Each structure stands twice: as structure tokens, then as C-alpha cells.
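Below is one structure, written out as C-alpha cells, with a few remarks after it.
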Amino acid sequence: MPLPLGHTAAGLAIHDIHSKGNSTASLWKTFAFIIVLTNLPDMDVLIGLILHGNGNFFHRGPTHSFLFALLIALLASNVWRCWSKIPKLNFLFCFLLLISHVVADAVLTSSPVSFWWPLELNLSTGYSGWREVIQSVFFGAFRDLGIIVVSGMIIFLNRLVRHKSIPLIRTRLVKN
Ligand SMILES: [Zn+2]
């Protein structure tokens with residue numbers, strides 16, 4: 001399964017494309033949001049561990065759905081209204097961060113997610129205790145190397161295209 005590092009790398013690529021290099025929000029605050037939102041669906045592992053000692057108990061259920069991404073994106077994009085220290089992030093950006101997790105899990109692993117929950121529910125099977133989860137998060141990150149490399153390439157290509165298109169836009173503006 002993609003791990004926190006892989007999901008975060010995908011989130012950074014989404015941020016790079018979405019912000020078009022014009023992000024006004026604090027970089028560190030945005031980075032914190034990216035980490036939280038791209039990994040939030042896996043909070044079901046933590047809930048399973050706390051309540052049943054098994055990280056797979058609720059895993060890939062409601063938090064790995066389109067509806068969850070929609071609702072949390074709505075919440076996350078409006079939380080700045082209650083607390084001014086929170087960066088103002090738009091709904092689409094928050095939604096893409098959340099749904100990227102679900103899509104990565106669905107595409108890069110063999111076990112299904114509950115994309116259309118509550119119409120479907122595909123919980124993970126088997127047992128995954130504290131030791132297995134901690135080991136996987138801290139020592140299994142190398143498995144996310146593919147996602148990290150691809151995300152890095154997307155950021156690089158996006159910046160290259162953006163850099164080349166700026167003189168083109170300027171030329172058009174001068175002509176007009
Ligand atoms: Zn997941």
C-alpha cells in the first residue's frame with residue numbers, strides 16, 4: 001500500500017500544478033495541510049488499532065470514499081473562517097489532495113477501496129497490529145519510491161512548462 005511519504009509526494013505534485021507557482025499561503029502551513037489531507041483517509045487504521053488492536057478492522061471503509069473526500073474538502077476549505085491562522089485553501093485543492101489518496105490506494109494495490117460508500121463497503125481483511133503498522137510506516141517507505149520519483153518528475157516537468165510559457169504569454173500581451 002502507498003504509505004504517508006508516497007501520499008504526501010503525490011500531494012506536493014498536486015499543489016505544484018494547482019498553485020501555478022502563485023501560492024500566497026504560508027509554505028509551511030500549506031505543507032502541513034498537504035501531509036494531513038493526503039493521509040487523512042488512513043486514520044481508519046489508527047481507529048482500528050485503538051478500538052480493536054487491528055489496523056485492518058475499519059481500513060479502506062468510509063474514509064476511502066468519494067463522499068468522505070467531498071465532505072472533508074468542504075470542511076478544510078472553510079476552516080480558516082473559524083481560525084485566521086489556518087491558510088485559506090480552495091475546495092478543489094483540498095478535494096484533490098484527499099481523493100489522490102483513495103485513487104493511489106485503488107490503482108497501486110490489489111485490495112479495493114470503498115469509493116462509492118455508502119453504496120459499497122470493501123474493508124481490508126487480515127490482521128495488522130501496532131508493530132506491523134509502525135514497521136510499515138517507518139521501514140517500508142522505500143516501497144513508495146516509485147510514487148516519489150513520478151511526483152518529482154511531474155513537479156519538474158510542470159515547472160519546465162510553466163517557465164517556458166511565461167515569455168510566450170508576455171509576448172502575446174505585448175502584441176495585444
Ligand atoms: Zn489508504
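Each value in this text was obtained by applying a stated rule to the coordinates, not by laboratory testing. All values reported here derive from a predicted model rather than from experimental measurement. Positions of Cβ are backbone-derived with ideal geometry, glycine not excepted, and every protein chain shown enters the neighbour counts.
Quick notes on this structure:
- With at most 16 neighbouring Cβ atoms within 10 Å, loop chymotrypsin sites (Phe, Trp or Tyr not before Pro) (DSSP) excluded, longest segment of the chain: 1-82
- Sparse-neighbour loop sites [trypsin sites (Lys or Arg not before Pro); region 1-110; at most 16 other C-beta within 10 Å; DSSP]: K20, K85, K88
- P(r), alpha carbons of the chain - 10 Å bins starting at zero, rounded %: 10, 32, 33, 18, 5, 2, 0
- Dipole of the chain, positive end: most advanced residue of S77, L3, S165 [Cβ charges, Cα centre]: S165
- Each principal axis of region 42-126 carries a Cα extent, and these read 43, 27, 22 Å when sorted largest first.
- Long hydrophobic helices in the chain, taken as whole DSSP H segments with a C-alpha length of 24 Å or more on their own axis and mean Kyte-Doolittle hydropathy at least 1.0: 91-108.
- Percent RCO, i.e. relative contact order, over the chain, from Cα pairs under 8 Å lying at least 6 residues apart: 33
- Dipole of region 4-140 [Lys/Arg +1, Asp/Glu -1 at C-beta], most positive-end residue of V103, A13, S65: A13
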